[in-house]
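Read the structure below first, then the notes.
Only the coordinates and a few stated rules stand behind these numbers; no lab work does. Not measured: the values here are computed from a predicted model. Heads up, the Cβs are rebuilt from the backbone with ideal geometry, glycines too, and the neighbour counts pull from every protein chain shown.
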Amino acid sequence: MLDFIYYPVSFILWCWHKVFGFVFGESTAVAWILGIIFLTFTVRGIMFKPFVNQVRSMKKMQDFAPEMKKIQKKYANDRQRQAAEMQKLQKEHGVNPLGSCLPMLLQIPVFIGLNHVLRAFTMPPPGGGPKTENYFFSQHDVESYVNAKLFGVNLGEAVYNGVGVVSGGATNVGFHWSVLPVALPLMIVASIATHLTARHSVARQNAASATPQTAIMNKLTMYIFPLGVLVFGALFPLGLLFYWLANNGWTLMQQRLVYTKIDKEEASRKAEAAEKRASLGPKPGQKPTAPKVGQKPVQQKKNQPAQAGTAKKVTKAGSAHGFAQLTPAEAAAKAEAAVKADSATVADPAPAETNGQNGSKDNGTGVPGLLKDSTRKSGRKRR
């Protein structure tokens, strides 16, 4: 019925068993265990691209989770409109909800197919007699699998046989306590690996996008599923427990690699955006650009010195320093000389004599041509 699953799974297992059987021997348990492990790695390698797409899709969904909450709150009483708006939002962001479930859905047929192929090694044929084939495996391969034992236990045996879903119609129904010492450590390690994988995935979730449903699913994946592996692992053959261990080990390693890569891409994207914003603004020490047409010029403060290249300052003849039609450099030199002269005059206690040109050099009034009041009171006459 499910031959389209059994044949591909058995073919991949057959190829890897031939490779490791050439090194360790076809009838050894090591060759079969490594064949099962690398069957897992092959399937997970094929699903690597869908897994990356799943992680990116989940990251996008976490980014616009606040918008989803707004839609859920806005259309809380209209489920149909809420679903339509959610689909519209997911389409705008390019997110496919089914894409996040694809890797998990693809692993289910592999799990079922491998369980059936391993069980079929010990199932007698319908007409009776010895087992001559098992899908891609010949009678010689079947005998090598039956004779390959790990600590005296065949890889196709489980602690309990009898549940049709996983036993596949095995004849040796019942408990097999001789398998427990080998299976129990594998069950414990598989349960811990399942918990670590789920915990690492939950740690990546955005707290702002958390919902009651998400919290429930996180508890299921972190605690209930590992406990289920520990309990129901008694129904799985030893070979299937090795598949479970290899699958969780690959998932944990893959999560670390992919998440690290996505974090680096996110940091690089943020750095580029910050650099772009910085390039749009003025650089430190850069002069402002020329004013646009119609823009009012910024008036310069009175105490601020005139910049080079501006219009020449024109002073009237007879002013305090008498600089008329001078260049900025000449005006600055004249002003400096005048300041020195004024300071020297202030330091001299003797009053300055008039020079006969309507005033003295320093009369205390700051205005040329005017005399101090003390001069007027002394009775001196103006010439």
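Can you check what the Kirkwood hydrodynamic radius comes to for region 189-255, Cα pairs only, in Å to one decimal?
Across region 189-255, the inverse of the average 1/r is 12.6 Å.
Show me, for region 229-245, the HN-Hα J-couplings you get by feeding each phi into the Karplus relation (A = 6.51, B = -1.76, C = 1.60, θ = phi - 60°), rounded to Hz, glycine and proline as x.
So the Karplus estimates, Gly and Pro as x, are 5, 5, 7, 7, x, 5, 8, 8, x, 4, x, 6, 5, 5, 4, 5, 5 Hz.
Report the local net charge at VAL173: Lys and Arg +1, Asp and Glu -1, summed over other residues whose C-beta lies under 15 Å from its C-beta.
So the surrounding residues net to 0.
Students often check this: by mean Cβ neighbours within 10 Å, which of 134-145, 253-264 ranks highest, and how do the rest follow?
Answer by packing, highest mean first, reads 134-145, 253-264.
Given 0.36 nm per residue, what is the gain on full extension from TRP177 to VAL202 after removing their alpha carbon distance, in nm?
Net length gain for the segment: 5.4 nm.
Over region 2-48, consider all pairs of different Cα atoms and compute the Kirkwood hydrodynamic radius from their mean reciprocal separation; express it in Å, one decimal.
One decimal place: 10.8 Å for the Kirkwood radius.
Label-point separation (nm) for LYS74 and PHE4, each offset 7 Å from Cα along Cα-to-Cβ?
Computed distance between label sites LYS74 and PHE4 equals 4.3 nm.
Going down the table (LYS219/LYS261; LYS59/LYS261; LYS88/LYS270; LYS69/LYS270; LYS59/LYS270), which pairs top 19 Å between alpha carbons?
LYS219/LYS261; LYS88/LYS270; LYS69/LYS270
Got a sec to turn the phi values of region 105-110 into Karplus ³J(HN,Hα) couplings, 6.51 cos²θ - 1.76 cosθ + 1.60 with θ = phi - 60°, whole Hz, x for Gly and Pro?
Ordered by residue, 3J(HN,Hα) equals 5, 6, 6, 5, x, 5 Hz.
For a Förster distance of 35 Å, can you work out the FRET efficiency between the beta-carbons of ILE108 and SER268, rounded to the nearest 0.05?
0.45
Between LEU150 and residues 5 or more places away or on another chain, which pairs have amide H atoms under 5 Å apart, with H built 1.01 Å from N, and which residues are they?
The answer is LEU155.
Taking θ = phi - 60°, what integer Hz values does the Karplus form 6.51 cos²θ - 1.76 cosθ + 1.60 yield along region 270-278, in sequence order, with x for Gly and Pro?
For region 270-278, the Karplus-derived couplings read 5, 5, 5, 5, 5, 5, 5, 5, 5 Hz, x marking Gly and Pro.
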